[in-house]
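FYI, it's all coordinate maths here, none of it is from the lab. A quick note: this is a predicted structure, and the numbers were derived from the prediction, not measured. Cβ placement follows ideal geometry from the backbone for every residue including glycine, while neighbour counts extend to all protein chains displayed.
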Amino acid sequence: MNIYQKQLSEFSRDYYAGASTGILVSSCLGAIAAMLILMNGHEIAEMIQLGLVVVVCMWFNASVLAQLKSKFVFNSLIISLLVSITFILINIL
């Protein structure tokens, strides 16, 4: 059993705890990414980056609030974290 399957199984078993923690982590990383993007300027490229981070983080939050299937919510969490971390790294370097 690979890491993804183990984490998905644990997330599905304890959905509400995972979703609550996911909302906190996703929102915090999204806020950090947004802050770093805005620190680099207010040009069109930064606004596109900011819009992408906001949309992806809101997508995850909406999937939790809509009580979608746990696999979809888990995948949305992974995408949200990856996008936020990517833009954090891009704007730090």
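Observations on the model:
- Against the chain, whose longest principal axis is taken from its Cα atoms, helix 44-65 shows a tilt of about 20°.
- Taking amide H as placed 1.01 Å from N in the peptide plane, Asp14 has no amide H partner under 5 Å among residues 5 or more places away or on another chain.
- GNM top mover of Ile23, Ile32, Ile48 - the chain, alpha-carbon springs below 10 Å: Ile48
- Compared with the dominant principal axis of the Cα atoms in the chain, helix 70-92 is inclined by about 30°.
- On full extension, the segment bounded by Ile78 and Arg13 gains 21.7 nm, given 0.36 nm per residue less the C-alpha separation.
- Exposure proxy order (Cβ contacts within 10 Å, fewest to most) of Phe72, Phe87, Phe60, Phe11: Phe72, Phe11, Phe87, Phe60
- The reciprocal of the average 1/r between distinct C-alpha atoms defines the Kirkwood hydrodynamic radius, which for the stretch 44-93 equals 11.4 Å.
- When the alpha-carbon atoms of the stretch 1-81 are used, the pair Rg, Dmax equals 14.2, 46 angstrom.
- Helix 15-39 axis, angle to the chain major axis (alpha carbon atoms, nearest 10°): 10 degrees
- The GNM of the chain, with springs linking C-alpha atoms under 10 angstrom apart, assigns the highest mean-square fluctuation among Ser76, Ser20, Ser63 to Ser20.
- Derived scalar couplings ³J(HN,Hα) [the stretch 3-14; Karplus, 6.51 cos²θ - 1.76 cosθ + 1.60; whole Hz; x for Gly, Pro]: 4, 4, 5, 5, 5, 5, 4, 5, 4, 5, 5, 10
- Close amide H partners of Asn40, meaning residues 5 or more places away or on another chain with modelled amide H under 5 Å apart, do not exist here.
- For the pair Tyr4 and Met39, a Förster radius of 35 Å applied to the C-beta separation gives a FRET efficiency near 0.55, rounded to the nearest 0.05.
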